[in-house]
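Enquirer: Here's a structure for you.
The values are calculated or read from the model by the stated rules, or taken from the named source; none is laboratory data. Predicted, not measured: the structure shown is a model, and the values here were computed from it. All Cβ positions, even for glycine, are placed from backbone atoms using ideal geometry, and neighbour counts span all protein chains on display. Heads up: the accessible areas ignore ligands, DNA and RNA and are worked out on the full protein's heavy atoms, side chains in. Shrake-Rupley method; radii C 1.70, N 1.55, O 1.52, S 1.80 Å.
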Amino acid sequence: MNIWRTSRFAIDLSRPRVMGIVNVTPDSFSDGGQFASARDATLHCDQLVAEGADLLDIGGESTRPGARTPSADEELARVLPVLRHALTLGVPVSVDTSQPAVMRAALDAGADIVNDVRALQRPGALDAVAAHASCGVCLMHMQGEPGTMQAAPHYGDVVRDVAAFLAHRRDAALVAGIGFERIALDPGIGFGKTAEHNLALLARQRELVSLGSPLLVGWSRKSTLGTLTGRAVDQRLHASVAAALMAAERGARILRVHDVAATVDALKVWCATIAPEDNAP
Ligand code: HH2
């Protein structure tokens, strides 16, 4: 599937797309507090688009282990002003949320995509997205909840288990009336997974691509890259770009990243050196 249908855009996925991360949170794991004010976050949106972001992802809840869950009102107060600005920039905009009330308000404001790390499992979430005629949705895998998910992640076969979960959640979305071409899937790197689990998901990523929906992945600055390189979170640019390229090489179509300019450059080199048929998902 080479198109991801969203509220305003049918996103062409014949080449990998870069989704720039905009965290309007005081406590995100990699850039916590840096863009917490609406003004800083809107400037950050402008900068990421200028650097070549194909999409923007705006989040008002940190999923860092131990982060406090904001109320829907708090999350909306963070996200809506930034969303309204981002919607003027000519790129699709997703809102990273699990709360149905936030989904509904964001979609009413014109958001193109709902990005849910809980794969629309909260009561009312499926209905909030299904009620919209055409928005896109990203369904992500997470084992457990952010507060405790890294305590003792356990799988039979992590790639098969994640694939089965994603297929199951996609089925639930289809039954709720969300069209197939509106759905992207995400293995949820770092969400209830050890470094070994995350690396298996990259090594065998083709098994997830073969589910037939666009695959979105977020390796940017994640702790597995710290484990591999011994580097702190603000020193993981090179490892993040390497992981993004590997993911693209293995069929991912949307790369969720903090460092847009570096990822865009790397992808330009990669795209220029492959035949179009190699690039087919
Ligand atoms: N990762 C994070 C948040 N949202 N959404 C999707 N679809 N995929 C991901 O891998 C993903 C995500 C965590 O990263 P970040 O937004 O930088 O941190 P925080 O959750 O602490 O704000």
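Enquirer: Tell me yes or no: at least one residue of region 214-225 is part of a loop (DSSP other than H, G, I, E, B), at negative phi and touching a Phe, Trp or Tyr at 6+ places or on another chain (Cβ under 6 Å).
Expert: yes
Enquirer: Looking at region 113-144, which of the residues that are of a type in the set (V, I, T) and within 13 Å of the ligand (Cβ to nearest atom) is nearest to the chain's Cα centre (by Cα)?
Expert: Here the answer is V117.
Enquirer: So which of D54, D31, D46 ends up being closer than 19 Å to S240 by Cα and modelled with pLDDT of 80 or more?
Expert: Being closer than 19 Å to S240 by Cα and modelled with pLDDT of 80 or more holds for just one of D54, D31, D46, which is D54.
Enquirer: Being hydrophobic (A, V, I, L, M, F, W, C), part of a helix (DSSP H, G or I) and within 16 Å of D259 (Cα to Cα) is the filter here; which residues of region 226-239 pass it?
Expert: Passing the criteria: V233, L237, A239.
Enquirer: Would you mind telling me which numbered condition in (1) open to solvent by less than 10 Å² (accessible area, probe 1.4 Å); (2) not in a helix (DSSP H, G or I) T88 fails?
Expert: (1)
Enquirer: Go through region 145-181 and give me each residue that's under 14 Å from L120 (Cα atoms) and either touching a residue at least 40 places away in the same chain (Cβ under 8 Å) or within 16 Å of the chain's Cα centre (by Cα) (or both).
Expert: Listed by number, the residues that qualify are F165, L166, A167, R169, R170, A172, A173, A176, G177, I178.
Enquirer: In region 148-180, how many are farther than 20 Å from G212 by Cα and surrounded by 15 or more Cβ atoms within 10 Å (Cβ to Cβ)?
Expert: Residues flagged as farther than 20 Å from G212 by Cα and surrounded by 15 or more Cβ atoms within 10 Å (Cβ to Cβ) within region 148-180 amount to 4.
Enquirer: Of the residues A261, A247, A272, which is in contact (Cβ under 8 Å) with a residue 40 or more places away in the chain and farther than 26 Å from A119 by Cβ?
Expert: After ruling out the rest, the residue left standing is A261.
Enquirer: Could I ask something else about it? Pairs please, first residue from region 122-136 and open to solvent by 10 Å² or more (accessible area, probe 1.4 Å), second anywhere and assigned to a loop (DSSP other than H, G, I, E, B) and at pLDDT 95 or above, Cβ atoms under 6 Å, 6+ apart in sequence or on different chains.
Expert: R122/S98; L126/L120; L126/A176; A130/A176; A130/G177; A130/I178; S134/S7
Enquirer: Please give the number of the condition L80 fails out of (1) closer than 22 Å to V260 by Cβ; (2) over 16 Å from the mean Cα position of the chain (by Cα); (3) open to solvent by less than 40 Å² (accessible area, probe 1.4 Å); (4) of a type in the set (A, V, I, L, M, F, W, C).
Expert: Of the numbered conditions (1) closer than 22 Å to V260 by Cβ; (2) over 16 Å from the mean Cα position of the chain (by Cα); (3) open to solvent by less than 40 Å² (accessible area, probe 1.4 Å); (4) of a type in the set (A, V, I, L, M, F, W, C), the odd one out for L80 is (1).
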